[in-house]
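Visitor: Okay, handing you the structure first.
The values are calculated or read from the model by the stated rules, or taken from the named source; none is laboratory data. Keep in mind that what you see is a predicted model, and the values were worked out from it rather than measured. All Cβ positions, even for glycine, are placed from backbone atoms using ideal geometry, and neighbour counts span all protein chains on display. Ligands, DNA and RNA are excluded from the accessible area calculation, which covers all protein heavy atoms including side chains. Shrake-Rupley method; radii C 1.70, N 1.55, O 1.52, S 1.80 Å.
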Amino acid sequence: MESKNPFFKSKGFTNTSAANDHSSVVIDYNDTMTVSGTINKSFILLLLLVATALVTWNLAFNGYNPMLLTIGGAIIGLILVVVASFKPQLSTYLAPAYALFEGLFIGGISAIFEAMYPGIVIQAVGGTFVTFVVCFALYKYKIVQVTEKFKSVVIAATLAIGVYYLISWLLTMFTSFQPVHYGNSMMSIGISVFVIVIAALNLFLDFDQIEKGAQERMPKYMEWFGAMGLMVTLVWLYIEFLRLLSKLSSRD
């Protein structure tokens, strides 16, 4: 089983499946990955993320500057994702830690957007939730088929977005260049809509990989691994909704 999802591909699903060679070993089904177990752990991670998000959110609206916690949470969260990519067997500990630190980032960045555009956070949360439910329903009822071609297109688009963002960030750091996705022009709004669509399509890859991981009877810790991958996509989707809504609000 070869994943095309940028997070799952490096996160050891392929390497872990190699251990499940169906040799003459008795399999304990209580010790293998399940879809329901991954869903439960995804809810745990979401609760942890919301809990720490409230910390930086409350600090921001009570006269304190949570920028250090916000930036620190983002950096540590990224480091934990990279570590988990190479050491999926540590996901039992890395996934909850990621949710806690990423929550600090989400709470801080949400407070910044909310102060600028009151009401934007609840809209972004609603947009993320609705997108997740729609994508899950489309996947569950096989309306959208996750084929190899589908995976290839999504992974290519995701990598292209990542490279574009990285190059744009470097250019703005060292030159006076202003990327087209900055500001609230129609071109910028169009790019945000495109990125949200690609982020949503990544949800299908997450669902598919979790389901296949359960079918391959991967180790129990891969439930945390799968939940962490799903959380990464949801965080990305939420941030992009914030960006899109802020552009639309600034045009009013």
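Visitor: Which residue fluctuates the most in the chain, going by a Gaussian network model with Cα springs under 10 Å, if the choices are TYR93, TYR165, TYR139?
Guide: TYR165
Visitor: Calculate the spin-label point distance for ALA160 paired with TYR93, positioning each point 7 Å from the Cα along the beta-carbon direction, and give it in nanometres.
Guide: 4.1 nm
Visitor: Which entries of LYS140/LYS212; LYS87/LYS149; LYS41/LYS212; LYS149/LYS247; LYS87/LYS220; LYS41/LYS87 show an alpha-carbon separation above 22 angstrom in the structure shown?
Guide: Check vs 22 Å cut-off fails for LYS87/LYS149; LYS149/LYS247.
Visitor: Which FRET efficiency value, to the nearest 0.05, do you get for TYR182 and LYS142 by plugging their Cβ-Cβ distance into 1/(1 + (r/R0)^6) with R0 = 45 Å?
Guide: 0.70
Visitor: Something else about it: If each DSSP helix of 4+ residues adds -39,500 (n - 2.57) and the sum is divided by the residues in the chain, what number results at 222 nm, nearest 500 deg cm²/dmol?
Guide: After summing the helix terms and dividing by residue count, I get -26500 deg cm²/dmol.
Visitor: With a/c under 1.5 counting as rounded, go ahead and sort the stretch 69-204 into rounded, prolate or oblate using the C-alpha gyration tensor (a ≥ b ≥ c being the square roots of the eigenvalues; past the cut-off, prolate if a/b is larger than b/c, else oblate).
Guide: Details: a/c = 1.30, a/b = 1.10, b/c = 1.18.
Here the stretch 69-204 falls in the rounded category.
Visitor: Then there is this: How large is the accessible surface per residue of the chain, computed with a 1.4 Å probe and reported in Å² as a whole number?
Guide: Using a 1.4 Å probe on heavy atoms only, each residue of the chain averages 52 Å².
Visitor: Moving to a separate point now. Going by the alpha-carbon gyration tensor, a ≥ b ≥ c the square roots of its eigenvalues, is the stretch 103-163 rounded (a/c under 1.5) or, if a/c is not under 1.5, prolate (a/b greater than b/c) versus oblate?
Guide: Oblate, since a/c reaches 1.5 and b/c is not below a/b.
Visitor: Shifting gears a bit: Top mean-square fluctuation among PRO179, PRO88, PRO66, Gaussian network model of the chain, C-alpha springs under 10 Å?
Guide: PRO179
Visitor: Quick check: from the Cα gyration tensor, does the chain come out rounded (a/c under 1.5), prolate or oblate?
Guide: The shape class here is prolate.
Visitor: What size of dipole, in debye to the nearest 20, comes out for the chain about its Cα centre when the only charges are +1 on Lys and Arg C-beta atoms and -1 on Asp and Glu C-beta atoms?
Guide: Here the size comes out at about 300 debye.
Visitor: Show me the ranking of peptides 226-234, 167-175 by mean Cβ neighbours inside 10 Å, starting with the highest. Present the calculation step by step, with values, prior to reporting the outcome.
Guide: Working: 226-234: 26.0, 167-175: 11.1.
Descending mean neighbour count gives 226-234, 167-175.
Visitor: Do any trypsin sites (Lys or Arg not before Pro) in the stretch 105-194 lie in a DSSP loop with no more than 16 other beta carbon atoms within 10 Å, and if so, which?
Guide: Counting only loop positions with at most 16 other Cβ atoms within 10 Å, the trypsin sites (Lys or Arg not before Pro) in the stretch 105-194 are LYS142.
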